[in-house]
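A short reminder: the numbers here are calculations on the coordinates, not readings from a lab. This is a predicted model, so every value here is computed, not measured. So basically every Cβ, Gly included, is an ideal-geometry build from the backbone, and we count neighbours across all protein chains shown.
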Amino acid sequence: MAAPFIINTRDLARRPGSMRQVALTVAASEPLGSEVIAIPAGTPIHLDLRLEAVSEGVLVTGTASSVATGECVRCLREVTEDVEVDLTELFAYEGTRSQRTVAGDSEDSQDVDPLPVLDGDLLDLEATVTDAVVPSLPFQPLCDPDCAGLCSECGVRLDDAEPDHHHEVLDPRWAALSALASREESEGEEEAPR
Ligand SMILES: [Zn+2]
Ligand SMILES: [Zn+2]
């Protein structure tokens, strides 16, 4: 199974201070986001990264950028949103103290997220990117901050409708009569050609 977010850090040779710039484009195999808005699977995600060997691991800093698509929560029109997030993650070398400290069984460790760990020379940025992208997306995407949404009577998108779009609100008894009247009218139309 392809793992596009995996980066080989062998060339840093675990020498503290050695660093490398990496620019790469990956695509997630799953949508990155929520039900309402996400970077779709297969959409390119550009990673601009700086990898730096530090004493206990590899520090990754940089940005991830892509485009998320979703639906306006008011009018259901498609929304596209540029995504650009900062990434900062320290990947610990296997067996180093920082890994053991956070993975240790002291009670304080419960509320500390364990550092991600390098697998040999390989680091996997998928969780890092996901954790940065998902909270950056809007909970309630809007096509426009002033989107007026849909007419509750007929479902037309109000921003596309006449400015005075409205419906006569009829007394229910009149509504029944008017439904009857329009039925007679349409029956009349059917008969008209004869
Ligand atoms: Zn809208
Ligand atoms: Zn309407």
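The table for this structure:
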| quantity | calculated |
| --- | --- |
| Whole-Hz ³J(HN,Hα) from phi, Karplus 6.51 cos²θ - 1.76 cosθ + 1.60, for the range 124-136, glycine and proline x | 10, 8, 4, 5, 4, 5, 4, 5, 7, 6, 4, x, 7 |
| Amide H partners (placed H, <5 Å) of residue 67, local residues excluded | 83 |
| Using distinct alpha-carbon pairs, which all enter the 1/r mean, Kirkwood radius of the range 134-174 in Å | 12.8 Å |
| Cα-based Rg and Dmax for the range 111-152, where Dmax is the largest Cα-Cα distance (Å) | 18.6, 58 |
| Label-point separation, residue 151 to residue 168 (7 Å along Cα→Cβ), nm | 1.4 nm |
| For residue 117, residues with placed amide H under 5 Å, excluding near neighbours | 92 |
| Amide H within-cut-off set for residue 22, under 5 Å, with H built and near neighbours excluded | 49, 50, 51 |
| Order by protection proxy (mean Cβ within 10 Å, highest first), peptides 148-161, 37-50 | 37-50, 148-161 |
